[in-house]
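One structure is given below, encoded as C-alpha cells.
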Amino acid sequence: MFIEMGTRKYRQKERARQVEETRRKIVQATMELHEALGPAQTSIKAVADRAGVQRLTVYRHFPDETSLFQACTSHWLELNPPPDPADWAEIENAAERNRTALLAFCRYYRATAGMWRVTYRDVEQVEALQKPLAEFETYLDQVRDDLVNAWNPPRAARKGLSAILRHALRFSTWQSLQLEKLSEAKKAMLLTEWMQTIGDA
C-alpha cells in the first residue's frame with residue numbers, strides 16, 4: 001500500500017512538472033515570437049510550432065489571447081524589470097537625481113529596444129497589449145511625479161517640467177535620440193539639462 005501511495009505521488013509530481021514545463025515552453029515561444037515578429041503577427045499556430053506542442057495544448061493552458069499575452073508580459077518583465085526608483089530615491093540634488101533616473105531608463109531601453117519597438121507599434125491592433133502598456137504608463141507617471149517633486153518647482157513651472165519629464169521617460173524619446181548615435185550617458189545629460197532650464201527657473 002505504501003509503495004502504491006509513493007508511486008502515485010511520484011506520478012502526480014511528474015505530471016505537475018510536465019504541465020509546468022509545457023506552460024513555460026508556450027510562454028517562452030510567445031515571448032520570442034513577439035520580439036521577432038511583433039504581437040500582431042504572432043499566431044497561436046506559430047506559438048504551438050515553436051513550443052513543439054499542438055494548438056489545442058496552447059488553448060488548454062491559455063484559453064484566449066489575453067491570458068497568453070498576460071503570462072508572456074509577466075515573464076518578460078521578470079526577465080527585464082524596469083528601473084527601480086529606489087536606486088535614486090536617496091539622491092537629494094534634483095539634477096543628479098533626474099540624471100541618474102534617466103540614465104537608468106536609457107540603459108534599460110537600449111537593452112530591451114526590440115520588444116518595446118514592436119509592442120508600441122502593434123498596441124492599437126492587439127487589444128491584449130493595452131492593459132499591460134497602460135500599467136507601464138502608470139508606472140512612468142509615478143516616476144515622473146517623483147522626479148518633478150525633487151525639483152520643487154514654482155507652480156508656474158510645474159506643468160512644463162512635468163510635460164518635459166514625461167516626454168523624457170518615453171521609449172519613443174530614447175528611440176529618437178538613438179538615431180543621433182548618442183551614448184546613454186549623453187542622452188541622460190541632455191535630457192537633464194533640458195529639464196534644468198525649467199526646474200531652476
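The values are calculated or read from the model by the stated rules, or taken from the named source; none is laboratory data. Being a predicted model, the structure only gives us computed values, none of them experimental. Positions of Cβ are backbone-derived with ideal geometry, glycine not excepted, and every protein chain shown enters the neighbour counts. Note: areas computed on protein heavy atoms with side chains; ligands, DNA, RNA excluded. Shrake-Rupley method; radii C 1.70, N 1.55, O 1.52, S 1.80 Å.
The number of residues in region 142-189 that are open to solvent by 50 Å² or more (accessible area, probe 1.4 Å), farther than 17 Å from residue 87 by Cα and assigned to a helix (DSSP H, G or I) comes to 12. Residue 38 fulfils the conditions (1) in contact with an Asp or Glu (Cβ under 7 Å, 6 or more places away or on another chain); (2) open to solvent by 20 Å² or more (accessible area, probe 1.4 Å); (3) modelled with pLDDT under 95 except for a single criterion, (2).
Taking region 20-32 as the range and being surrounded by fewer than 18 Cβ atoms within 10 Å (Cβ to Cβ) and free of Cβ contacts under 8 Å to residues at least 24 places away in the same chain as the test, the residues that pass are 20, 21, 24, 32.
Close contacts from region 171-198, counting a first residue that is touching a residue at least 12 places away in the same chain (Cβ under 8 Å) and a second that is surrounded by 15 or more Cβ atoms within 10 Å (Cβ to Cβ) and of a type in the set (Gly, Ala, Ser), with Cβ to Cβ under 6 Å and a gap of 6+ residues or different chains, come to 191/168; 192/95; 196/95; 198/157; 198/160.
Residues that are among the hydrophobic types (A, V, I, L, M, F, W, C) and at pLDDT 95 or above were ranked within region 90-101; the one that is nearest to the chain's Cα centre (by Cα) is 101. Is there a residue being more than 17 Å from the chain's Cα centre (by Cα), surrounded by 16 or more Cβ atoms within 10 Å (Cβ to Cβ) and not in a loop (DSSP other than H, G, I, E, B) anywhere in region 67-85? Scanning region 67-85, I find no residue that is more than 17 Å from the chain's Cα centre (by Cα), surrounded by 16 or more Cβ atoms within 10 Å (Cβ to Cβ) and not in a loop (DSSP other than H, G, I, E, B), so the answer is no.
Of the residues making up region 86-99, those that are in contact (Cβ under 8 Å) with a residue 60 or more places away in the chain and either of a type in the set (Gly, Ala, Ser) or surrounded by fewer than 20 Cβ atoms within 10 Å (Cβ to Cβ) (or both) are 94, 95. The numbered conditions (1) modelled with pLDDT of 95 or more; (2) within 30 Å of residue 187 (Cα to Cα); (3) of a type outside the set (Val, Ile, Thr) are all true for residue 50 except (2). Taking first residues from region 150-162 that are free of Cβ contacts under 8 Å to residues at least 12 places away in the same chain and more than 18 Å from residue 101 (Cα to Cα) and partners that are of a type outside the set (Lys, Arg) and open to solvent by less than 30 Å² (accessible area, probe 1.4 Å), the Cβ contacts under 9 Å between residues at least 6 apart in sequence or on separate chains come to 158/148; 158/151. Sort out which residues of region 190-201 are open to solvent by less than 40 Å² (accessible area, probe 1.4 Å) and either modelled with pLDDT of 90 or more or touching a Pro at 6+ places or on another chain (Cβ under 6 Å) (or both), and write them in order of number. Answer for region 190-201, where residues must be open to solvent by less than 40 Å² (accessible area, probe 1.4 Å) and either modelled with pLDDT of 90 or more or touching a Pro at 6+ places or on another chain (Cβ under 6 Å) (or both): 191, 192, 199.
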